[in-house]
């Protein structure tokens, strides 16, 4: 903590010495150079007072809402186009026959039961 205070004091002394040296150098400048510096300074101040561009004049809420809308649009489009494709529930060609055969659908609905019965008989 004391080091920071010491460094701050050294910085202030250095700044004060620099300020004094610059003030002394200004006293030795000729009138023409002083006029040019004054002119350049006033032109810089006038340029700073000019109105900023259209984007900088917009209220902050417009900028933030526009950014949020753009981010939401990017998110929606990326999710829309990168969503996984839906696979068919029927994967085997034999299953197509089962789905298309309407007359024997009861047999296939109870297929799990029949499979269990066969496994049970094999285990017995």
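Could you list 33, 28 so that the one with the fewest beta carbons within 10 Å of its beta carbon is first and the one with the most is last? Let's see the in-between values first.
Numbers: 33 11, 28 7.
Lowest count first: 28, 33.
Starting from the 7 Å offset along Cα-to-Cβ, what nm value, one decimal, do you get for the label separation of residue 69 and residue 34?
So the two model labels end up 5.7 nm from each other.
Every number in this text was worked out from the coordinates using simple rules, so none of it is lab data. This one's a predicted model, so the numbers in the text were calculated from it and none came from an experiment. Don't worry about glycine lacking a Cβ; one is built from the backbone with ideal geometry, like all the others, and counts go over all protein chains shown.
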